[in-house]
1. Taking the options LEU458, LEU419, LEU409, LEU444, name whichever one is farther than 30 Å from GLY495 by Cβ and not charged (D, E, K, R).
2. With the requirement that a residue be assigned by TED's automatic domain parsing to the domain that holds PRO428, under 29 Å from ALA449 (Cβ atoms) and either of a type in the set (Val, Ile, Thr) or more than 9 Å from ligand 1 (Cβ to nearest atom) (or both), what does region 271-293 give you?
3. Inside region 227-270, can you point out the residues that are within 16 Å of ligand 1 (Cβ to nearest atom) and under 21 Å from LEU300 (Cβ atoms)?
4. Looking only at residues in region 265-294 that are away from ligand 2 (no atom under 16 Å from the Cβ) and among the aliphatic types (A, V, I, L, M), which one is most open to solvent (accessible area, probe 1.4 Å)?
5. Which residues, taken from region 398-414, are open to solvent by less than 10 Å² (accessible area, probe 1.4 Å) and within 16 Å of ligand 1 (Cβ to nearest atom)?
6. Please work out which residue is most open to solvent (accessible area, probe 1.4 Å), limiting yourself to region 337-357 and to residues that are of a type in the set (Gly, Ala, Ser) and in contact (Cβ under 8 Å) with a residue 24 or more places away in the chain.
7. Quick check on region 218-231. Is at least one of its residues open to solvent by less than 50 Å² (accessible area, probe 1.4 Å) and part of a loop (DSSP other than H, G, I, E, B)?
8. Could you grab me the full set of residues in region 432-449 that are touching a residue at least 12 places away in the same chain (Cβ under 8 Å) and either outside any loop (DSSP other than H, G, I, E, B) or surrounded by 21 or more Cβ atoms within 10 Å (Cβ to Cβ) (or both)?
Amino acid sequence: MALICPGCGFDAPADFAFCPKCGKPLAPAAAVPSSDASSDRRPVTVLFADLCGFTALSETLDPEDVRALQGELFALMSSAIQRLDGFVEKYVGDAVMAVFGAPVAHEEDPERAVRAALELHERVARLSARWLPLLKRPLALHVGINTGPVVAGHIGSQREGAYAVTGDTVNAASRLQNAAGPGQTFVSEATWLLTRHAFSYEPMGGLALKGKAQPLPAYRVEGALQAPASARGLQAHGLAAPMIGRDAELGALMAAFAQMQAGQTQLVRIVAEAGSGKSRLLSEFLARLQANGQLADTALRSAACSSLGERTYGVPAALLRDAYGLAADESAATARQKIAAALAALGADDEETARISALLGYVLGFDPDEARTRHLDPEQLKHQIFLAVQAVVERRLLAGALLLVVEDLHWTDAASVELLRALLDRLPAQRFMLLVTQRPVAELDVLAAGATPQTLLLLQPLSATHSASLLDALFGSGARTLPAALQQRVVEHAGGNPLFLEEMVRTLIADGALSREHERWVLHAQAAALNVPQTIHGLLLGRIDRLPPPARQAMQEAAVIGPQFAEDLLREVASDAPALPDALRVLLAAGLLEHSEGDYRFRHGLIHEVAYGNLLARRRSELHTRIGEVLERRCGGVPRQLQDLQALGHHFRLGADKPRGARYLVAAGDWARGIYANADAIRHYELALQTLHDCGDPQAQSVSVRERLADVMVPAGHIADAAEHYAAVREAFAQMSDDPAQARVLRKLSGLRWEAGERGEALRCLEQGLTLAERGPAHIECAKLYQERGQLAFRSGDNLGALQWTQRALQHIEGLAAHGDEERRDAAAVVALSL
Ligand SMILES: Nc1ncnc2c1ncn2[C@@H]1O[C@H](COP(=O)(O)OP(=O)(O)OP(=O)(O)O)[C@@H](O)[C@H]1O
Ligand SMILES: [Mg+2]
């Protein structure tokens, strides 16, 4: 098996540790997870590529040629896909199916898939040119791409089975591929939505597809945008916020800049997790320098590393391209001319210009000028390259200060870091500043290991107050758009990460929960669901995928307990308890968990949800049951606190024994009602009803739960809802021919009508109830109805009638006296009420 160099795409032999072409360390292609990480659920982007007219072609060709063509085709397709860290799931005939986002997710898997498609077309065009003399007609691919949820993992028993993804997402990708013409790529709406900032598309309308009721909207990829828009921010929705907080960090940046202006070389690193606001802080800093006129005598050169990987010397190359105005696809000749002109302008003579531009050619990735460098061994060559870059920087520094800005240095190549470090070491007392942004990766600490003064800005999560201010600022001053409860949930889910905040707002808009009406934002669902934003799902899942398997497993199992969990409970349910202490340490160090009141807590609610959603539904259900059983055992089967009932209800509801969950939820509702926490009681009863509905209500509990729900809705003031529930409950009791129960509900309905001022209706309900209650054997409900009837008479000013009804109630109770204890107690209660 060959390894694909992440730097230059070269197919290197499998036993090579470094690429023989560019020297970058070779990582094995996307590793298949070990057997202990079983299947999981995840969003992925699936790509199907197929050679048009292959069957016809193979009929006319010699089988050996077909074989050779197939071999070449598969090799080029695999290398293009693996270079972008895609996973080649299988070859079917002449088609390839690739997956981006499994086994390991990236933050821009859909973009990777579309880039892979463009590259596949390009490579096949070259292959076609080579084979044209034999084939007599050009070859072309047609490609289909779709993004959506799948189940991913080994099929069959553990590792022997092939790693594969399953789900309707795959079928749609295959259908899009069938619909695309030669040389075309069709993507689904889901993929289009996530990549339209980076590619141009032509909408193809809805494709009518076999076996699908709804047409599938498709978009044809036209090409990559020259200047891709940022996928970040909410400007497209007219929402923007000033930078919140970060005053101290901005101050530190200004101070470092002043030190640099005073002649002291500076290194500044802005370090934080994705989405914390590194780029934002940087752009605010540069904007302030610009506004203050402080960039007048300072040359600013910028580079940004790509998440798709950087080739050797990627960073200096990008800085040089910025300095000399070189386009990404500039020809070598024009580039040399531009470099020579710039060096000459900085005072270099012809000899120096020729020498430096030859060496910079290496950095820029052009074919080297053999004549000048042929005699150098690799070590010497590297030395010469460093000297050349240093010479360019020194020339620049003669003309004024130099600020080099490198974004996302965590994606850089090793050679670039070494070169930057050498520059700092060799230019200690200059008006020279290197400012980088990076996510926390230890490898980059070497940059700061020299003597250059370093300012390290570790961006902390925004406080809850700052997070709330950011949300308020987004929607503009004035009325708060998000109600307090929703705002608080958004803030908690984001855990102080501004990107997560913005993306949750974007999702609320995309889901239709928030919309703009006449210049105002309106929230349509007060309790809008906070779905994990698709735009950052891969980013979050990627962090989980990259964990060592025991930590990943512990995190998923902890997620089933909840956003906050106790270690001892996790230990009881974990599949690998001995590995737990280490796993928790890893998760704390990775910033995914934090300590909270003796327990652990997920740092971001969103990470919790992604970890939970990553588990197969079956496994989630097993774990919920296990957790429920441990909790039940711990309280000896007699929960003594409301939160115990809630937790038991929650876990059993999501486990296999749903009716048990519903019973706990009802008990929690009763408890809450007992302490007049009516809103909580409503919530628990509603959840119990939902649970019973979901499992088909095998023990027919729903009717009684619904009656309790209506009972508590009355004091909570939800009269219309209560009346609706009572009516439905009455109907259900009628179906069961349970007259006393029907009569009871009619009595409650009567009370509602009376309170609503509908006296006639109230009376009618009571009469109906009485008819039902009187026709069966004597029952306490009958006495209650008489008594209620007396109340109505009394309130209507009919004192005599009231007395007569009350007497009937008493007589009825006396008649019941011979019955069981419970009836007598009830009867006594009615007597007490009557008096
Ligand atoms: N302090 C802040 N106030 C207001 N908005 C912010 C703040 N910090 C970040 N944002 C916004 O949050 C989003 C994410 O921030 P940014 O892109 O700067 O993150 P980052 O740390 O650079 O992430 P990455 O590691 O992925 O590059 C951006 O849209 C940015 O404008
Ligand atoms: Mg950034």
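1. On the way: LEU458 fails: farther than 30 Å from GLY495 by Cβ; LEU409 fails: farther than 30 Å from GLY495 by Cβ; LEU444 fails: farther than 30 Å from GLY495 by Cβ.
Answer to the selection: LEU419.
2. If the condition is that a residue be assigned by TED's automatic domain parsing to the domain that holds PRO428, under 29 Å from ALA449 (Cβ atoms) and either of a type in the set (Val, Ile, Thr) or more than 9 Å from ligand 1 (Cβ to nearest atom) (or both), then PHE285, LEU286, LEU289 are the ones that fit.
3. Pass one, region 227-270, residues within 16 Å of ligand 1 (Cβ to nearest atom): 228-253, 268-270.
Result: SER230, MET243, ARG246, GLU249, LEU250, GLY251, ALA252, LEU253, VAL268, ARG269, ILE270.
4. The initial filter retains those residues of region 265-294 that are away from ligand 2 (no atom under 16 Å from the Cβ), namely 265-267, 288-294.
Narrowing further to those that are among the aliphatic types (A, V, I, L, M): 267, 289, 291.
Details: LEU267: 1, LEU289: 0, ALA291: 85 Å².
That would be ALA291.
5. If the condition is that a residue be open to solvent by less than 10 Å² (accessible area, probe 1.4 Å) and within 16 Å of ligand 1 (Cβ to nearest atom), then VAL405, VAL406, LEU409 are the ones that fit.
6. Taking region 337-357 as the starting set, the residues that turn out to be of a type in the set (Gly, Ala, Ser) are 340-342, 344-345, 347-348, 354, 357.
This time we only want the ones that are in contact (Cβ under 8 Å) with a residue 24 or more places away in the chain, so: 347-348.
Values: GLY347: 52, ALA348: 13 Å².
Per the stated criteria, the residue is GLY347.
7. No - not one qualifying residue is present in region 218-231.
8. Let us first name the residues in region 432-449 that are touching a residue at least 12 places away in the same chain (Cβ under 8 Å), namely 432-441, 443-444, 446-449.
Once the filter is applied, which keeps residues that are touching a residue at least 12 places away in the same chain (Cβ under 8 Å) and either outside any loop (DSSP other than H, G, I, E, B) or surrounded by 21 or more Cβ atoms within 10 Å (Cβ to Cβ) (or both), region 432-449 yields PHE432, MET433, LEU434, LEU435, VAL436, THR437, GLN438, GLU443, LEU444, VAL446, LEU447, ALA448.
The values are calculated or read from the model by the stated rules, or taken from the named source; none is laboratory data. Here the structure is a predicted model, which means the values were calculated and not measured. All Cβ positions, glycine included, derive from the backbone under ideal geometry; neighbour counts span all protein chains shown. Protein only, heavy atoms only, side chains kept; ligands, DNA and RNA dropped before computing areas. Shrake-Rupley method; radii C 1.70, N 1.55, O 1.52, S 1.80 Å.
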